[in-house]
Every structure is written in C-alpha cells, then in structure tokens.
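Structure first, commentary second.
The values are calculated or read from the model by the stated rules, or taken from the named source; none is laboratory data. Values in this document were obtained by computation on a predicted structure and should not be read as measured data. Every residue, glycine among them, receives a Cβ derived from its backbone with ideal geometry; neighbour counts consider all protein chains shown.
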Amino acid sequence: MLSVVITAWNEEKNLPTVVNSVRRLADEIVVVVDKSSTDKTAAVAGKLGCKVFWHPHTGYVEPMRNFSISKATGDWILVLDADEEVPPKLAVQIKDILKQPAADYYRLPRKNLIFGKWITSQHWWPDYVYRLFKKGHVTWEDAIHSVPFTKGSGADLPADENLALIHYHYTGIGQYVDRLNRYTDHQLKHLQQNNHRFLPSDFLIFPFREFIRQFFARRGYRDGLHGLTLALLQAFSELVLYLKFWEQLKFPETPFNPGNLVSELRTTNSELTWWYYQSKIDTSSIFLKPWWKLVRRLKL
C-alpha cells in the first residue's frame with residue numbers, strides 16, 4: 001500500500017495539480033496543512049478526497065514531513081511538496097518498483113522550473129531527493145533544508161527528465177523574496193547557536209562568495225540570464241542574513257578599517273578572475289582550452 005503525503009501552506013492553487021498527478025498511483029493521500037495558512041488549502045484538499053491534518057506553524061517543511069508520515073497508513077511512502085507534480089512515466093516507474101522493490105528507499109531526480117525555465121546547472125539538476133521509501137526508513141532532522149536520516153539500502157532512479165518530479169519552484173521574484181525572508185530567519189538562529197563573531201566585512205565577503213559559488217563554481221552561467229539572476233538573488237540572501245545578524249546585535253556602530261575592506265576586495269577579485277577564466281575554459285572548444293589556461297596562469 002502506498003501513501004502519498006503532501007505538506008502545504010497557502011497552496012489552494014497548486015494542490016489540485018499535485019493530487020491529480022498521483023490519484024491513480026496512491027492508495028491514500030495525506031495532506032498536512034500549516035496552521036498559519038490563510039487560504040482554502042484544507043477545504044480544497046478535502047474536496048479532492050484527501051485525509052487532512054493540521055500542523056503548528058514552523059516556517060519550514062521538515063517537521064511537517066515527519067508528522068505527515070506518522071499519519072500515513074501505507075507501508076510505502078511517497079513524499080511530495082504541494083508545488084510538485086508526478087509525471088505519468090514516473091508514476092509508472094514507481095508502480096513497477098513497488099511490485100518488486102530492490103531497495104528500502106529511492107532518490108528521485110527533480111526538474112526545477114524557476115521563473116518559467118528548467119534550470120539545469122550543477123546543483124539544480126538532477127537535484128536528487130529522498131522521496132520514495134518504506135515507512136520508517138527515512139526521517140528528517142528538525143532543521144531547514146536538512147538531509148534526511150536513512151536506514152537500509154538505497155537506490156537512485158535514472159537522471160531522466162521523464163522520470164523526474166516536476167517542481168514549480170519559484171514563479172516570480174516576489175515569491176523568492178518572501179521565502180528568502182522566512183529562510184534567513186531560521187538561518188539566523190543557526191548563526192547564533194554557532195556563536196558567529198560579527199565583522200563589518202561579513203556584508204561584503206559572504207554575499208560575494210555565494211555569488212562566485214552559484215554562478216561560477218556551480219556553473220550557473222550555463223543557464224544564461226536566469227542563472228545570473230539566481231546567483232544574484234542567492235548572494236542577496238546572504239547579505240540579508242548578515243544584516244539580520246547585525247540587527248540582532250542592536251545595530252552596533254562597529255569600528256572598521258576601510259583598508260581591510262580593500263584588502264578583502266583584492267582577495268575576492270582574485271577569486272573572481274580565476275573563476276572567470278575557468279568559465280572560459282569550460283565553454284571554449286578543445287582547441288582554445290589550452291589558450292585560456294595559459295591566459296589564466298599569466299593573469300594570476
């Protein structure tokens with residue numbers, strides 16, 4: 001028996017899509033609604049024939065997932081978010097797996113649609129997620145974006161877009177900023193727990209490094225303007241996080257030496273230069289790669 005569990009917060013518009021995509025696959029569909037929801041998510045779930053439960057507001061999904069699993073009666077669980085969809089070929093694949101399982105849990109590839117485009121740079125694809133498992137073999141830590149604990153043997157489905165969950169991730173800038181605000185509140189707690197020592201250079205260094213990581217190290221440039229936009233937004237998230245940390249300290253007028261910032265900028269500029277030439281190496285023809293490697297060596 002397969003239980004599909006879905007967590008939802010203000011998802012009345014998305015819920016019919018995800019529920020209808022698993023209607024012929026699931027033996028039961030459990031929807032757990034965040035108590036802070038202000039729309040008709042619970043009513044829509046009920047009309048769609050789902051079992052509906054409420055969960056206290058946490059601001060992130062991991063505690064709700066564990067709760068939703070506890071309410072499921074199936075021996076196999078498929079975990080979904082309300083902004084996801086199971087395409088027909090993936091549904092068939094899951095049915096085949098359940099006839100003769102070869103593992104205790106499966107990681108599914110996920111196709112992230114962001115601002116209307118399928119994002120394929122490194123960490124966005126295949127973006128494997130732990131979603132199909134025997135009950136009791138996967139649990140989540142009570143921490144935002146945490147990797148779940150697993151028990152037993154695992155397997156991955158092929159990185160095939162036809163076998164991937166469809167994730168309607170961010171549909172607009174406003175939605176991204178809303179989530180950014182919630183996520184940075186929880187990341188702030190992590191900084192405080194780890195006794196982070198605030199420095200004025202945090203406002204510059206951490207956002208810059210995040211941009212380098214997302215746009216160059218993770219090859220966000222391969223997604224064009226969408227990749228650039230995402231890298232900038234993720235860098236902005238880092239800036240907001242450390243501004244909130246400063247706010248928690250009551251906005252102290254911390255002394256700093258502009259010369260130190262200049263020194264930090266020189267270091268980060270060297271990083272940027274290295275990654276710029278790395279991108280040229282990655283995207284150039286086999287004949288030009290040695291040239292760009294030589295140029296990078298001479299410049300640095």
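Quick check on segment 265-287. Is at least one of its residues at pLDDT below 95, among the aromatic types (Phe, Trp, Tyr) and exposed (fewer than 12 other Cβ atoms within 10 Å of the Cβ)? Steps first, answer last, please.
Restricting attention to segment 265-287, the residues satisfying the condition of being at pLDDT below 95 are 265-287.
Adding the requirement that they be among the aromatic types (Phe, Trp, Tyr) leaves 274-277, 287.
The next check asks that each one be exposed (fewer than 12 other Cβ atoms within 10 Å of the Cβ); those that pass are 287.
Yes, some residue in segment 265-287 is at pLDDT below 95, among the aromatic types (Phe, Trp, Tyr) and exposed (fewer than 12 other Cβ atoms within 10 Å of the Cβ).
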Check on residue 204, in contact (Cβ under 8 Å) with a residue 60 or more places away in the chain, within 19 Å of residue 271 (Cβ to Cβ), in contact with a helix residue (DSSP H, G or I) (Cβ under 9 Å, 6 or more places away or on another chain) and in the same structural domain as residue 272 (by TED's automatic domain parsing): yes
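When only residues in segment 42-53 that are surrounded by 15 or more Cβ atoms within 10 Å (Cβ to Cβ) and without any contact (Cβ under 8 Å) to a residue 40 or more places away in the chain count, which is nearest to residue 73 (Cα to Cα)?
Narrowing segment 42-53 to residues surrounded by 15 or more Cβ atoms within 10 Å (Cβ to Cβ): 42, 44-45, 48, 50-53.
Checking the rest, the ones that are also without any contact (Cβ under 8 Å) to a residue 40 or more places away in the chain come to 42, 44-45, 48, 51-53.
On the way: 42: 20, 44: 22, 45: 18, 48: 19, 51: 11, 52: 13, 53: 14 Å.
Top of the filtered list is 51.
Give me a count of the residues in segment 1-23 that are assigned to a strand (DSSP E or B) and more than 18 Å from residue 133 (Cα to Cα).
Initial filter on segment 1-23 (assigned to a strand (DSSP E or B)): 2-8.
Those left that are additionally more than 18 Å from residue 133 (Cα to Cα): 8.
Qualifying residue count for the region: 1.
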Filtered residue count, segment 129-148, keeping only those that are over 17 Å from residue 60 (Cβ atoms) and either surrounded by fewer than 16 Cβ atoms within 10 Å (Cβ to Cβ) or assigned by TED's automatic domain parsing to the domain that holds residue 230 (or both): 2
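So that you can scan it fast, the table gives a plain yes or no per residue for (1) touching a Ser or Thr at 6+ places or on another chain (Cβ under 9 Å); (2) among the aliphatic types (A, V, I, L, M); (3) not in a loop (DSSP other than H, G, I, E, B):
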position: 25; (1), (2), (3): no, yes, no
position: 31; (1), (2), (3): yes, yes, yes
position: 39; (1), (2), (3): no, no, no
position: 44; (1), (2), (3): no, yes, yes
position: 49; (1), (2), (3): no, no, no
position: 53; (1), (2), (3): yes, no, yes
position: 57; (1), (2), (3): yes, no, no
position: 63; (1), (2), (3): no, no, yes
position: 66; (1), (2), (3): yes, no, yes
Selection count, segment 149-175, where residues are surrounded by 13 or more Cβ atoms within 10 Å (Cβ to Cβ), in contact with a Ser or Thr (Cβ under 9 Å, 6 or more places away or on another chain) and either part of a helix (DSSP H, G or I) or touching a residue at least 60 places away in the same chain (Cβ under 8 Å) (or both): 2
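Could you tell me which of the residues 89, 111 is assigned to a helix (DSSP H, G or I) and either more than 24 Å from residue 220 (Cα to Cα) or in contact with a Phe, Trp or Tyr (Cβ under 9 Å, 6 or more places away or on another chain) (or both)? Spell out the reasoning first.
Working: 111 fails: assigned to a helix (DSSP H, G or I).
Result of the check over 89, 111: 89.
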Given (1) crowded, with 20+ Cβ neighbours inside 10 Å; (2) over 17 Å from residue 26 (Cβ atoms); (3) touching a residue at least 60 places away in the same chain (Cβ under 8 Å); (4) not hydroxyl-bearing (Ser, Thr, Tyr), index of the condition residue 79 fails: (2)
Some residue of segment 240-263 being crowded, with 17+ Cβ neighbours inside 10 Å, within 30 Å of residue 114 (Cα to Cα) and among the aliphatic types (A, V, I, L, M): yes
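Looking only at segment 253-265, decide whether some residue is more than 20 Å from residue 123 (Cα to Cα), of a type in the set (S, T, N, Q) and part of a helix (DSSP H, G or I).
Yes, segment 253-265 contains a residue that is more than 20 Å from residue 123 (Cα to Cα), of a type in the set (S, T, N, Q) and part of a helix (DSSP H, G or I).
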Residue match in segment 206-223 (condition: under 19 Å from residue 123 (Cα atoms), at pLDDT 95 or above and aliphatic (A, V, I, L, M)): no
